[in-house]
Amino acid sequence: MNIDIRSASELDARADFCRALVLSAGELALAGFRQYAPGGFRMKGPQDFLTETDTAVERHVREAIAAAFPADGFFGEETGGAAASDTWVVDPIDGTANFARGIPHFCISVAFVRNGIVEIGATYGPVLDELYFARRGHGATRNGKPIEVALTDDFAAACVELGWSTREPTARYLAAMTEVLARGANVRRGASGALGLAYVADGRSDAYAELHMNAWDALAGLLLVKEAGGRVGPYLQRHTLAEGGPVIAAAPGIAAGFAEATGLALEA
């Protein structure tokens, strides 16, 4: 993490720092995953998993940010925090249920928010060594190469993902899924919302929706989709970092229909 923050503009420095940080966090996560043992987790609540690696990764990220940018705020899944005008929002492992069961579909998600606007977002899947990165107004990349959302405009050819949350009635989730299926789309659930959004940005999925999603899961991915040419919902315009809210992201060709099917709003 030898980045001279004096040699670049403020946001350039944070962008370089964020890339290095998420990769180093990924090394810790991958090391923990390779030591997988059945039952190596505890529960924070219903279907809410926690492993020792979650805690270790968030501690690593928090300490690195505090050392590099001591005036910045921090808001993480495991240790909380407080928002400031400049705030880092962190999920040390998104897809912990997968991680805890030995399934290699998980990631680290980091976003930098300035005055309520997401400026930088990074999502790193360490098993496949895929780093998704976006900076507002600069496009989105996977491992340094530009990415774009899919050109899909027909639900009969669409493959979408729906995230499930205990914070909303199961009936609402089932109703949304039923409507999406009725329009002809294939529906899947990968159990990592941050990766689900990154896959929309990369054209691997055509859309993602979740009736309630925490900020640490959502912010980096929403920036990725927007910078890759997709449409997203008004997340921080309507909800705070602490409360979270519904998430929708889609390729433009099916965005309106997907919003109607899920009952979620898109940005104007």
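Bear in mind these aren't lab numbers, they're just calculated from the coordinates by the rules spelled out. Bear in mind that the values here come from a model prediction, so they are computed numbers and not experimental data. Positions of Cβ are backbone-derived with ideal geometry, glycine not excepted, and every protein chain shown enters the neighbour counts.
If you build a Gaussian network model of the chain, linking Cα atoms that sit under 10 Å apart, which residue out of Ala176, Ala122, Ala13 swings the most? Looking only at Ala176, Ala122, Ala13, the largest GNM fluctuation is found for Ala13.
What shape does the range 123-244 take by its C-alpha gyration tensor, where a ≥ b ≥ c are the square roots of the eigenvalues and a/c under 1.5 counts as rounded, a/b above b/c as prolate, and the rest as oblate? Cα axes put the range 123-244 in the oblate bin. Among Gly95, Gly81, Gly125, the largest mean-square fluctuation in a Gaussian network model of the chain (Cα springs under 10 Å) belongs to Gly81. Among Ala140, Ala31, Ala100, the largest mean-square fluctuation in a Gaussian network model of the chain, built with springs joining Cα atoms closer than 10 Å, belongs to Ala31.
Relative contact order, percent, of the chain when contacts are C-alpha pairs under 8 Å separated by at least 6 residues? Averaging sequence separation for qualifying contacts and normalising by length gives 16 percent for the chain. Between Ala97 and Arg204, the simple spin-label model (points 7 angstrom out along Cα→Cβ) gives 1.9 nm. What is the Cα centroid distance between the range 155-180 and the range 182-255, reported in whole angstrom? Rounded to whole Å, the Cα centres lie 12 Å apart.
Placing +1 on the Cβ of every Lys and Arg and -1 on the Cβ of every Asp and Glu, with no other charges, gives the range 155-262 a dipole of roughly 80 debye about its Cα centre.
Computed extension gain for Ala84 through Cys159, at 0.36 nm per residue and net of the alpha carbon distance, reaches 23.2 nm.
Summing Lys and Arg as +1 and Asp and Glu as -1 over all other residues whose Cβ lies under 13 Å from the Cβ of Ala82 gives a net charge of -1. Can you pull the one-decimal nm distance between simple spin-label points at Arg188 and Ala68, each 7 Å off the Cα toward Cβ? For the pair Arg188/Ala68, the computed spacing is 3.2 nm. Taking each residue as 0.36 nm, the span from Glu260 to Asp12 lengthens on full extension beyond its C-alpha to C-alpha distance by 85.4 nm. Each residue of the range 9-26 was assigned a 3J(HN,Hα) from its phi angle through the Karplus curve 6.51 cos²θ - 1.76 cosθ + 1.60 (θ = phi - 60°); the sequence is 5, 4, 6, 4, 5, 5, 5, 4, 4, 4, 4, 5, 5, 5, 5, 5, 5, x Hz, with glycine and proline shown as x.
Take every DSSP beta bridge whose two residues both sit in the chain; close to 80 percent of them are antiparallel.
With the Cα gyration tensor of the range 67-155 giving a ≥ b ≥ c as the square roots of its eigenvalues, does the rule (a/c under 1.5 for rounded; else a/b larger than b/c for prolate; else oblate) give rounded, prolate or oblate? Oblate, since a/c reaches 1.5 and b/c is not below a/b. Rounded to 0.05, the FRET efficiency of the Glu179 and Ala20 pair, given R0 = 41 Å and the Cβ-Cβ distance, is 0.45. Peptides 149-159, 84-94 ranked from most to least packed, by the mean per-residue count of other Cβ atoms within 10 Å: 84-94, 149-159.
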